[in-house]
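Remarks on the structure that follows.
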Amino acid sequence: MIRKPLVAACMAGLLALTTTAACSDGSGDGGEGGATALTYLVFETPSLDATFWDTSIAAASAEVPGVRIDKIVAPSTDRDAYAKQLQQSGQFPDLLQSITPSNFVGAGLLKPYDKTWIDANFLLPSANTLKGEVYIPPTNSQIVPQVYYNKELFAQAGVTAAPQNWAEFLDACAKLKAKGINPIELGGADPFAASMPLVGIVSADVLGKNKNWLQDRYAGRTAFADADMVTAVRKYRTLVDNGYFDKGALGVKYADSITRFTGGKSAMYPMGSWFLGSVPKEKADAFGSFPWPTDDGSVVVPFVGGGSMAISAKAEDTALAEKFGRAWSLNPANLKALIETDGAFPMIKNKTLADYGVTVTQVFEDSYAYVTQDNNKVSAIGWATNDDALPPGLNDAFYAAAQALFTSDDVEGELKKLDDAWKTAAQ
Amino acid sequence: MTRRHSGERGLALLAALALGLYLVFLVLPLLLSLRSSFTDENPLRATNDFVGLRNYTEMAGDDQLRASLVFTLTLAAGVTLAANALGVGFAILLDRTSLSYRVMRTLAFLPQVLSGVIVAFVWQTILTQNGLLNTALTTIGILDEPYPWLGSPTAALISICVVVTWVLSGFTTVVYLAALQSIPLELHDMASLDGVHGTQRFRTVTWPMIAPGTTISVTISLITVLKLYDIIAVLTGGGPANSTQSTALYIVKLAFTSDRVGYASAVAMLLLALSAVVALTVTGALRRREINL
């Protein structure tokens, strides 16, 4: 007697829910108090955790009346791949944090920011320029990689100063190894971390001599098989052959590589400047940094214009989305958190580090100096998100080459694979 | 009559529902994927062109695909052998009726009910360079320095093999246990009377009688490994240097990293055909064995 009405009530409830869902057009209306809902794709790391995103979203939302942000967290740090999956299933987010715009611009999925606003607010307005437009405000920058070193281990091995060129670098490695100290830390189990020395070598030796190398590669004027590239990559093999990395480095996770280096297990650590957020505050003075060394000692800085979020051209209210993007990008509290936890170098005009109220280490200030100084800045291969971004799939191929070259001496073969992968990607 | 008709209608409704779900969630995606495999579909392009058999001919020269197939088939063979051998062994050990054995049966099945992602994360903490295994082995002096269990192509293959075998052995144990319990006790009694014990009894009585269980267990183990994605994605991500990249992992990378959904669909069709051929061949051979026994 009771069951039938109960079942009927449940069915009616389900039907009502289904009908409501079916009638919803997913346009983003229906936010609290008439606010427009925008979806925002973010990613989490140990530094940029859920609290950071929630706090930063709340702060920016407070400056943009009428917006409600629905956060979408990418399942891994590969937000490009996740954004593509969302696009494939018709759920492309309205705002996308730190994606590679070149992957999406060709499909007309992104809306550029107003250039007047970009020019007015950022130190390097063209840092993220893609075919003349800016899709991600260049709020901050990174050096990928720098070499961080442990001053105490250097002293133990009799290395009195940071290496200034390749010969001094090899000499330091040899002295460290002779003392039983692992010279270079490598988180080789994570492909992006495994590629750091190779990114440093190629950026410094090849792009340092030809800033347009990647544009030339797109135009077919250069190739990975070219002699200068082969010579550069052989330097990586020299480091491997001489035993300057831990033999089991390909089994070390990125997170473990940080703790191994900061815990004194290795003397040097080539990594993106986001590592600065992981330098232990209590012994920050024990660490120093230097640019990836070149043969002649000239300073080459592999540079990446980082930044905030891209706007979907498909967003229901692109003007509102841009307002939110601007508010988030210029919010000093967000930059403060990025500087302190992610080692981001701020690139907003008319502001000094002190203006953000941050407490930074000496090694941060020394590293930041390479950004503010007039020197040879080149795109960090595989990391640039501007016109020098690699075609889709090439980053993975580059990472795989870095891992393969750890165990194989076939430099020419691996570089040929990159040329083949480029050809396929460009088709 | 009315009640019987009503019952039949209910069953027909349930069957229609099941058929509908099968069509929508299996057959339709399969057909869409087949169609996609003849195009240059890209997730970021609104339109796609028909390219005929180009994706299929391209596979012949794809070194990464070849490597992923070799890895997948090697893993499938290794895991199927190991998981089934362990399954038979555990089933014989657990073929008792007391409470403690029933608890142990539940424990043996536990890996099978855990999510592959969770399993992989747990094993990652064990197998990484600073993981529990290296810490234990170096502490007790078996190893002088940590061994890269996930850091060399061969070691990573063996590590993945161990993890997947551990997961599947829960399933194979339960299948073989059910098969063992279906053997009539009289057969064992007769064997005892004939003086047949131990290994000889296993070879002449137990092994032939659990043949149907072997067919099910081997076939499902093979299919599970041929389409394996989650455990490898978390444990090694296909590395080092793509050496542990299963074909399923390669398909996802092609589709969402290289933006080649059309080609990825063609590779998926190849994997489907390969799985079907392997499963049908093995099932056929094992069924013939059942009859011959």
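The values are calculated or read from the model by the stated rules, or taken from the named source; none is laboratory data. Everything numeric here is computed off the predicted structure, so don't read it as measured data. Note that we place each Cβ from the backbone using ideal geometry, even for glycine, and neighbour counts take in every protein chain shown.
Points worth noting:
- All positions within the stretch B:145-198 that are charged (D, E, K, R) and either within 14 Å of chain A (Cβ to nearest Cβ) or in contact with a Gly (Cβ under 9 Å, 6 or more places away or on another chain) (or both): B:Glu145
- Of all positions in the stretch B:61-83, at least one carries a residue that is of a type in the set (S, T, N, Q), part of a helix (DSSP H, G or I), within 14 Å of chain A (Cβ to nearest Cβ) and more than 29 Å from B:Arg203 (Cβ to Cβ).
- Qualifying position, being in a helix (DSSP H, G or I), within 14 Å of B:Gln181 (Cα to Cα) and either modelled with pLDDT under 95 or β-branched (Val, Ile, Thr) (or both), among B:Phe109, B:Phe90: B:Phe90
- Of the helices (runs of 4 or more DSSP H) entirely within the stretch B:183-251, those holding at least 2 residues that are buried (at least 18 other Cβ atoms within 10 Å of the Cβ) occupy B:211-226, B:230-235.
- Given (1) within 14 Å of another protein chain (Cβ to nearest Cβ); (2) modelled with pLDDT of 95 or more; (3) surrounded by 19 or more Cβ atoms within 10 Å (Cβ to Cβ), index of the condition A:Gly180 fails: (3)
- Restricting B:Val282, B:Val278, B:Val261, B:Val234 to residues that are under 17 Å from the mean Cα position of the chain (by Cα), modelled with pLDDT under 95 and either within 14 Å of chain A (Cβ to nearest Cβ) or within 29 Å of B:Leu44 (Cα to Cα) (or both) narrows the list to B:Val234.
- Scan the stretch A:49-90 for residues that are over 11 Å from A:Phe324 (Cβ atoms), basic (Lys, Arg) and either out of contact with any strand residue (DSSP E or B) (no Cβ under 9 Å at 6 or more places or on another chain) or assigned to a strand (DSSP E or B) (or both) and the total you get is 2.
- Which numbered condition B:Ser115 misses (of (1) farther than 18 Å from B:Val225 by Cβ; (2) loosely packed, with under 13 Cβ neighbours inside 10 Å): (1)
- All conditions in (1) within 14 Å of another protein chain (Cβ to nearest Cβ); (2) assigned to a loop (DSSP other than H, G, I, E, B); (3) surrounded by fewer than 20 Cβ atoms within 10 Å (Cβ to Cβ); (4) touching a residue at least 24 places away in the same chain (Cβ under 8 Å) hold for A:Ala189, with the sole exception of (3).
- From A:Lys131, A:Lys115, residue being away from chain B (no Cβ under 14 Å), over 25 Å from A:Arg237 (Cα atoms), surrounded by fewer than 19 Cβ atoms within 10 Å (Cβ to Cβ) and in contact with a helix residue (DSSP H, G or I) (Cβ under 8 Å, 6 or more places away or on another chain): A:Lys131
- Some residue of the stretch B:101-108 being crowded, with 16+ Cβ neighbours inside 10 Å and of a type in the set (Lys, Arg): yes
- When residues of the stretch B:118-170 are limited to those that are in a loop (DSSP other than H, G, I, E, B) and touching a residue at least 24 places away in the same chain (Cβ under 8 Å), the one surrounded by the fewest Cβ atoms within 10 Å (Cβ to Cβ): B:Ser152
- Breaking point among (1) away from chain A (no Cβ under 14 Å); (2) part of a helix (DSSP H, G or I); (3) of a type outside the set (S, T, N, Q), for B:Gly52: (2)
- Scanning the stretch B:252-293 for residues that are of a type in the set (Ser, Thr, Tyr) and either out of contact with any helix residue (DSSP H, G or I) (no Cβ under 9 Å at 6 or more places or on another chain) or part of a helix (DSSP H, G or I) (or both), we see that the one that is surrounded by the most Cβ atoms within 10 Å (Cβ to Cβ) is B:Tyr263.
- When the residues of the stretch B:103-144 are filtered to those that are more than 20 Å from B:Cys161 (Cα to Cα) and of a type in the set (S, T, N, Q), the one that is farthest from the other protein chains (Cβ to nearest Cβ) is B:Thr106.
- Residues of the stretch A:368-396 satisfying the condition of being in a loop (DSSP other than H, G, I, E, B), under 15 Å from A:Val206 (Cβ atoms) and away from chain B (no Cβ under 14 Å): A:Ala380, A:Ile381, A:Trp383, A:Ala384, A:Asp388
- Boolean, A:Ala157 is farther than 26 Å from A:Gly297 by Cα, surrounded by fewer than 24 Cβ atoms within 10 Å (Cβ to Cβ) and at pLDDT 95 or above: no
- B:Leu187 vs. criteria within 25 Å of B:Ala91 (Cα to Cα) and touching a helix residue (DSSP H, G or I) at 6+ places or on another chain (Cβ under 7 Å): yes
- Matching residues, the stretch A:62-98, being within 12 Å of chain B (Cβ to nearest Cβ) and touching a Ser or Thr at 6+ places or on another chain (Cβ under 7 Å): A:Thr77, A:Arg79, A:Asp80, A:Ala81, A:Phe92
- For the stretch A:398-416, taking the residues that are more than 17 Å from the chain's Cα centre (by Cα) and of a type in the set (Ser, Thr, Tyr), the one that is nearest to A:Leu338 (Cα to Cα) is identified as A:Thr407.
- Of everything in the stretch A:306-350 that is β-branched (Val, Ile, Thr) and at pLDDT 90 or above, the residue that is farthest from A:Ser102 (Cα to Cα) is A:Ile339.
- Residue list for the stretch B:171-208, filter: touching a residue at least 40 places away in the same chain (Cβ under 8 Å), closer than 25 Å to B:Thr224 by Cβ and not polar (S, T, N, Q): B:Phe171, B:Val174, B:Val175, B:Tyr176, B:Leu177, B:Ala179, B:Leu180
- Look at (1) at pLDDT 95 or above; (2) more than 23 Å from B:Phe171 (Cβ to Cβ); (3) within 13 Å of chain A (Cβ to nearest Cβ) and you find that B:Leu270 fails only one, number (3).
- Considering the stretch A:362-397, and only residues there that are buried (at least 19 other Cβ atoms within 10 Å of the Cβ) and of a type in the set (Val, Ile, Thr), the residue that is farthest from the chain's Cα centre (by Cα) turns out to be A:Val363.
- Residues of the stretch A:218-252 that turn out to be among the aromatic types (Phe, Trp, Tyr), under 23 Å from the mean Cα position of the chain (by Cα) and within 14 Å of chain B (Cβ to nearest Cβ), as a count: 1
- Residue match in the stretch A:398-420 (condition: in a loop (DSSP other than H, G, I, E, B), among the small types (Gly, Ala, Ser), modelled with pLDDT under 95 and surrounded by fewer than 20 Cβ atoms within 10 Å (Cβ to Cβ)): yes
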